[in-house]
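One structure is given below, encoded as structure tokens.
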Amino acid sequence: MPLDTERGYNVTLPSGSLGLTRPVLFEGHGFVISPLDTGDRVGGAVEFAGLKAAPNYARVDALIARARRFLPEGRFEGGTRWMGFRPSIPDSLPVIGPSRRSPRVLHAFGHGHYGLTQAAITADIVTAQVMGLPTPLSPAPFSAQRF
Ligand SMILES: Cc1cc2nc3c(=O)[nH]c(=O)nc-3n(C[C@H](O)[C@H](O)[C@H](O)COP(=O)(O)OP(=O)(O)OC[C@H]3O[C@@H](n4cnc5c(N)ncnc54)[C@H](O)[C@@H]3O)c2cc1C
């Protein structure tokens, strides 16, 4: 499978640091800010560096520098930095469905930037496939056999 990782970064600042009341997507600037229960999270970036390379936290500094331009009153100290591995497929669609080798092996991976968003519907599709029931939507675009 043509699976690779788009590594991403975020920093979680103390709650209230940025004064936002809802998630804000900074279209064209490659980041989003989400006020979460755990703090104000500035996240984004796409880095192709595989699974072994150490995190490059200069990427977090770059996210903060961009966020500062939009939120000059914001407090950007005291954050917890994080790097994660988005599981990505070249056509940006996940792989959901039976393996070509065995109908008893079901794939459900490669959700890239939308794994949290697509988790529930992926579960519904997989459940239907396990139970031999009609799926809530056509799984054809997500077939492992498209590669
Ligand atoms: C910075 C960043 C921001 C993101 N923002 C969003 C967003 O706003 N909205 C959204 O929908 N998605 C977002 N995503 C994407 C989302 O996080 C991923 O698409 C999602 O986590 C993929 O889910 P997964 O279960 O396929 O893989 P993962 O979440 O990577 O889970 C894989 C699990 O398998 C376990 N594992 C690995 N090897 C083994 C093994 N040998 N045996 C047993 N267990 C193993 C790992 O420990 C891990 O728990 C973001 C990702 C990043 C990095």
Give, in whole angstrom and from largest to smallest, the semi-axes √(5λ) of the equivalent ellipsoid of the chain, with λ running over the eigenvalues of the Cα gyration tensor. 36, 17, 12
What is the calculated FRET efficiency for Thr80 to Phe109, with r their C-beta to C-beta distance and R₀ = 22 Å, to the nearest 0.05? 0.20
In units of 2.2 N^0.38 Å, what is the alpha-carbon radius of gyration of region 95-146? 1.06
Using only Cα atoms and rounding to the nearest 10 degrees, what angle (0 to 90) does helix 58-70 make with the longest principal axis of the chain? 60
In the chain, once you exclude exposed trypsin sites (Lys or Arg not before Pro) (DSSP loop, at most 14 other Cβ within 10 angstrom), what's the longest stretch remaining? 1-51
Per residue, how much accessible area does region 1-101 have with a 1.4 Å probe, in Å²? 59
Tilt, helix 115-131 to longest principal axis of the chain (alpha-carbon atoms), in degrees rounded to tens, equals 20
How are the Cα pair distances of region 4-88 distributed, in percent, across 5 Å bins from 0? 3, 15, 27, 25, 16, 9, 4, 0
So the carbon and sulfur contribution to the accessible area of the chain, 1.4 Å probe, in percent, is 59
Which of the GluC sites (Glu not before Pro) across region 39-126 are loop residues per DSSP, with 13 or fewer other Cβ within 10 Å? Glu73, Glu77
Between Glu6 and Phe48, what is the spin-label point distance in nm, taking each point 7 Å from the Cα along the Cα→C-beta axis? 1.2
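The values are calculated or read from the model by the stated rules, or taken from the named source; none is laboratory data. Quick caveat: nothing in here was measured; it's all calculated off a predicted structure. Using ideal geometry, Cβ is built from the backbone for each residue, glycine included, and neighbour counts are taken over all protein chains shown. These accessible areas exclude ligands, DNA and RNA; they are computed on the full protein's heavy atoms, side chains included. Shrake-Rupley method; radii C 1.70, N 1.55, O 1.52, S 1.80 Å.
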